[in-house]
Amino acid sequence: MPMFCPACQTKMEATTDPRGGGRKHYSCPRCEGEYVVPARSLPEGEKIDAAEPAPAPGPGETTIPGFTVAGIPGGEWQIPEELRFSLKVLEGTESGKVFEVTRSRITVGREEGEILLGDPLVSRKHAAFEIYGSQHIVVKDLASTNGTYLNGRLIAYSKVNNGDKIRMGSTLIEAVIQIEG
């Protein structure tokens, strides 16, 4: 499968792992970016089922770590009723899919999270989207290997607006935010 640079969309060249650790390295001949595909190591006999979503938090579990809602520790922050937020995959292995966001915090990753992407350049747990109100949605990079890009710029944390493009690995996602009423 060819790998394309998340920054400039040029086909990347495979290089050897300088540490010899079984990780695949790619370099972009155009922008000279370097990217790593982490080695996958699973316990013997264990399989990853990318089609099965992560379980929803149980009663008393905090959706936003350490956050208290209405004085109730561990209460889940509610998404405003008028907000409709979804993530539309424009490019990548999940191209064409639309993921409706129905919780105040969701994570995106290759192996962990509410949204699983089959892109080898996406980290196991890559980024999180957090909703603090109908006008304030943020995306956070979760110390991913290859970074999270918002409208072509590498970010650690940034507000998301309707139509913004978020790149994780070779996957390009569009934020679709609608406020009814």
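Of note:
- Boolean, Gly181 is among the small types (Gly, Ala, Ser), open to solvent by 70 Å² or more (accessible area, probe 1.4 Å) and assigned to a loop (DSSP other than H, G, I, E, B): yes
- Selection count where residues are open to solvent by 40 Å² or more (accessible area, probe 1.4 Å) and in a strand (DSSP E or B), scope segment 155-165: 3
- Residue within segment 166-175 that is modelled with pLDDT under 95, not acidic (Asp, Glu) and not in a loop (DSSP other than H, G, I, E, B) present: no
- Residue satisfying all of: in segment 130-154; in a loop (DSSP other than H, G, I, E, B) and open to solvent by less than 60 Å² (accessible area, probe 1.4 Å); farthest from Glu34 (Cα to Cα) among these: Ser134
- Sole exception among (1) hydrophobic (A, V, I, L, M, F, W, C); (2) at pLDDT 60 or above; (3) loosely packed, with under 12 Cβ neighbours inside 10 Å for Ile72, by number: (2)
- Test: Val122 is in a strand (DSSP E or B), under 30 Å from Ser27 (Cβ atoms) and open to solvent by less than 10 Å² (accessible area, probe 1.4 Å): no
- The residue list Cys8, Cys31 contains one member that is at pLDDT 70 or above, more than 20 Å from the chain's Cα centre (by Cα) and more than 14 Å from Thr145 (Cβ to Cβ), which is Cys31.
- Whichever residue in segment 80-98 is surrounded by fewer than 19 Cβ atoms within 10 Å (Cβ to Cβ) and hydrophobic (A, V, I, L, M, F, W, C) and, among such residues, is modelled with the lowest pLDDT: Leu83
The values are calculated or read from the model by the stated rules, or taken from the named source; none is laboratory data. Treat the numbers as computed from the prediction; the structure is a model and nothing was measured. Backbone-built Cβ (ideal geometry, glycine too); neighbour counts: all protein chains shown. Calculation scope for accessible area: heavy atoms of the full protein, side chains included, ligands and nucleic acids excluded. Shrake-Rupley method; radii C 1.70, N 1.55, O 1.52, S 1.80 Å.
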